[in-house]
Ligand SMILES: [Zn+2]
């Protein structure tokens, strides 16, 4: 397998001194990729900026206008977490374009794993609002572009936070299956197991909330037991991963206890979910401890490429088994309730 | 005799939100009503641990005393999320607010000029009555 990554570009202009979502994150990710020493098996997808039409697949036009105007006016704090600068608009459009470019390069062949090294992250961005460090929803824009080509897309989100933006954007879209593992309770306060999708997309959202302290064994088993059967039924033609690394035990943003070895396991699992080779593209989301980010990404890509590498051993023994059992029960109940409502709505 | 209600009020530490809390304590409140001061904990707040979940912040207690408000009827509630989602959730369990009071501007108010204000979005999407207390409220 070869690794396709987006061409490097300057994202240093999107910075707020002291803010954890900082330019050194993409530098750490780039160095993890360089350390794989892939030689000619590392392919670069050309730089491009997402067009307005591509952004409109996901975002509202007036939000795009206002965000652009806010940045050109000098930017500032958007909410208690999220900032934008003069350069942020161009950088955010480049991040969205990077995902599209990597997928274009992957479509031309069937032996590639894609990784999109961009910031700011995207999975909290709603159709009409920035939040949680995110301005444009990069993974959603890529998924929507694939759906327009007739593809069925699994978005697997293993960032420690629930990707409320991605969930909301595809809530009623049966062509996209959204699966998220996340710490709960935690920002953004959504992602309960009973959130299973809208009327047109019942069971197209799978949420696996995990308690503080949960380890990789629990997370992996929860994906295998709760998500894998739904994914099997859905039969995705593409797998996009919202690859945040803030579930690592060293990350200051949350309290899950994953190791880089656990991310290698998740990469194997993501690959197994793809029905064809060469159809797994990963997008950098969170990950705020630079060493953990570098090691976890290195382990993830080595695993996805089928290379062997030494990583931290996998974590186990943490809490969460009961929560996963309860989540399975809540999911079934929510799906049943929606089906009953659906039947009664359609009755004469 | 009126039925006791639950009044939720958003608090982010800004002066605007203090005006909203004062208004809730002085104007909205009737005997036996509970006032729940709601605070949205964002990602950075989780990182920095800014406000306790269990202990009402001193500033809120000072406001209550200034308004001669019986602390027995005051609750402090921290919910994870952005301000807008957290305030909208006040209408649902566990708060079940009958009325929501918000300041006209929250933190990041420069962005609100272009990116839409939290209070406006709350008003548009709320399932309960909402009072927006102007920034230059005399309270
Ligand atoms: Zn995250």
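The values are calculated or read from the model by the stated rules, or taken from the named source; none is laboratory data. A quick note: this is a predicted structure, and the numbers were derived from the prediction, not measured. Cβ sites come from the backbone with ideal geometry, for glycine too, and all protein chains shown count toward neighbours.
List of remarks:
- When residue A:21 is tested against (1) out of contact with any strand residue (DSSP E or B) (no Cβ under 8 Å at 6 or more places or on another chain); (2) closer than 27 Å to residue A:251 by Cα; (3) surrounded by fewer than 23 Cβ atoms within 10 Å (Cβ to Cβ), exactly one condition is not met: (3).
- Restricting A:213, A:287 to residues that are within 14 Å of chain B (Cβ to nearest Cβ) and in contact (Cβ under 8 Å) with a residue 60 or more places away in the chain narrows the list to A:287.
- Some residue of the range B:114-131 being in a loop (DSSP other than H, G, I, E, B), at pLDDT below 90, more than 10 Å from every other protein chain (Cβ to nearest Cβ) and within 12 Å of the chain's Cα centre (by Cα): no
- Entry remark, the range B:39-60: residues being away from every other protein chain (no Cβ under 12 Å) and either within 16 Å of the ligand (Cβ to nearest atom) or buried (at least 16 other Cβ atoms within 10 Å of the Cβ) (or both) number 3 in total.
- Filter pass, residue A:280 being within 16 Å of the ligand (Cβ to nearest atom) and in contact (Cβ under 8 Å) with a residue 60 or more places away in the chain: no
- Sole residue being part of a loop (DSSP other than H, G, I, E, B), under 12 Å from the mean Cα position of the chain (by Cα) and under 27 Å from residue B:120 (Cα atoms), chosen from B:92, B:40, B:50, B:97: B:97
- Each residue in the range A:87-140 was checked for being away from the ligand (no atom under 14 Å from the Cβ) and not in a helix (DSSP H, G or I), and 19 of them qualify.
- When residue A:218 is tested against the conditions (1) under 18 Å from the mean Cα position of the chain (by Cα); (2) outside any strand (DSSP E or B), the lone failure is (1).
- Every residue from the range A:241-265 that is more than 10 Å from the ligand (Cβ to nearest atom) and either within 14 Å of another protein chain (Cβ to nearest Cβ) or at pLDDT below 95 (or both): A:250, A:252, A:255, A:256
- Residues that are within 12 Å of the ligand (Cβ to nearest atom) and either more than 9 Å from the chain's Cα centre (by Cα) or assigned to a loop (DSSP other than H, G, I, E, B) (or both) were ranked within the range A:152-166; the one that is farthest from the other protein chains (Cβ to nearest Cβ) is A:158.
- Filter pass, residue A:29 being within 21 Å of the chain's Cα centre (by Cα), part of a helix (DSSP H, G or I) and at pLDDT 95 or above: yes
- Of all residues in the range A:63-93, exactly one satisfies the criterion of being more than 12 Å from chain B (Cβ to nearest Cβ), surrounded by fewer than 21 Cβ atoms within 10 Å (Cβ to Cβ) and either modelled with pLDDT under 95 or within 12 Å of residue A:48 (Cα to Cα) (or both), namely A:90.
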